[in-house]
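The values are calculated or read from the model by the stated rules, or taken from the named source; none is laboratory data. Quantities reported herein were computed from a predicted structural model and do not represent experimental measurements. Cβ: placed from backbone, ideal geometry, glycine included. Neighbour counts: every protein chain shown.
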Amino acid sequence: MHPDLERVLIDTATLQNRVQALGTAIAQATVNAPELVLVGILKGSLIFMADLMRSIGREVCYDCIAVSSYGASTESSGVVRLNKDLDLDITGKHVIIVEDIIDSGLTLKYVHDLLLRRNPAALEICALLNKPERRNVNVQVDYRGFDIPNEFVVGYGLDYAERYRNLPYIGVLSPRVYTH
Ligand code: XMP
Ligand code: MG
């Protein structure tokens with residue numbers, strides 16, 4: 001375990017099994033959708049997205065969107081900004097937004113509302129992690145990996161000040177790393 005962590009929350013094998021199950025569920029739910037597009041929210045969803053799309057087992061396109069709400073802090077600023085838009089046209093397509101973690105829900109609500117205006121045939125949400133205690137806007141998560149407690153987690157794409165994204169598991173960051 002990385003020395004900056006308090007504990008491992010979700011180990012590699014548990015992550016891989018859950019991601020595989022999410023891929024199977026998405027494949028089953030989209031059998032009648034001719035065009036499936038995954039939209040990853042950079043940068044945190046990158047590793048989840050890479051594993052998820054290989055577990056879907058059907059033709060799928062992907063694109064990425066970049067937004068920011070956090071900065072180098074563990075608390076959301078509440079302000080979401082679009083930093084990079086999609087390259088693909090999603091009109092008439094079955095779109096699934098792929099996010100690493102849903103906390104207040106503000107980021108996903110912003111992206112969902114933005115993409116809905118482009119008239120996709122369907123617009124769903126897949127989030128690896130969910131902090132139910134922290135939700136303050138209502139968003140429907142169609143595919144969910146794990147509900148987790150309200151602690152700051154890193155690894156498997158998630159960072160603190162751009163560190164720890166490459167850890168192959170999810171761990172709780174020791175508060176001493178971010179409290180000075
Ligand atoms: P909201 O509040 O908009 O937050 O739902 C979603 C975004 O907040 C970041 N986030 C975290 N990042 N560990 C992280 O590394 C966490 O525990 C955590 N909680 C929220 C994340 O970027 C997500 O996209
Ligand atoms: Mg993120």
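Keeping to the range 6-31, report how many residues are within 19 Å of Asn166 (Cα to Cα) and out of contact with any helix residue (DSSP H, G or I) (no Cβ under 9 Å at 6 or more places or on another chain).
Our first condition is that a residue be within 19 Å of Asn166 (Cα to Cα); within the range 6-31, this holds for 6-19.
Then drop every residue that is not out of contact with any helix residue (DSSP H, G or I) (no Cβ under 9 Å at 6 or more places or on another chain), which leaves 7-9, 11-14, 17-18.
Of the residues in that region, 9 qualify.
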* Subset tally (residues that are buried (at least 17 other Cβ atoms within 10 Å of the Cβ) and modelled with pLDDT under 95) for the range 75-101 -> 2
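Here's a check for you: in the range 132-166, which residue that is in a loop (DSSP other than H, G, I, E, B) and among the acidic types (Asp, Glu) is farthest from Val95 (Cα to Cα)? Lay out the reasoning, then the answer.
Residues of the range 132-166 that are in a loop (DSSP other than H, G, I, E, B), as a first pass: 135-142, 148-152, 156-157, 159, 161-162, 164-166.
Subset that is among the acidic types (Asp, Glu): 142, 151, 159, 162.
On the way: Asp142: 12, Glu151: 30, Asp159: 26, Glu162: 28 Å.
The qualifying residue farthest from Val95 (Cα to Cα) is Glu151.
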* Leu116 fails exactly one of the following numbered conditions: (1) of a type outside the set (D, E, K, R); (2) away from ligand 2 (no atom under 13 Å from the Cβ); (3) touching a residue at least 40 places away in the same chain (Cβ under 8 Å); (4) touching a strand residue (DSSP E or B) at 6+ places or on another chain (Cβ under 6 Å). What is the number of that condition? -> (3)
* Asked: Residue check, Leu128 against (1) more than 16 Å from ligand 2 (Cβ to nearest atom); (2) closer than 17 Å to Met49 by Cβ, all met but one. Which one?
  -> (1)
* **Considering residues of the range 31-52 that are surrounded by fewer than 19 Cβ atoms within 10 Å (Cβ to Cβ) and of a type outside the set (D, E, K, R) only, the residue nearest to ligand 2 (Cβ to nearest atom)** => Leu42
* Restricting to the range 106-119, what's the tally of residues that are assigned to a loop (DSSP other than H, G, I, E, B) and crowded, with 21+ Cβ neighbours inside 10 Å? -> 0
* Asked: Which of the residues belonging to the range 15-61 are over 26 Å from Lys84 (Cβ atoms), away from ligand 1 (no atom under 16 Å from the Cβ) and in a helix (DSSP H, G or I)?
  -> Gln16, Asn17, Arg18, Gln20, Ala21, Thr24, Ala25, Ala27, Gln28, Ala29
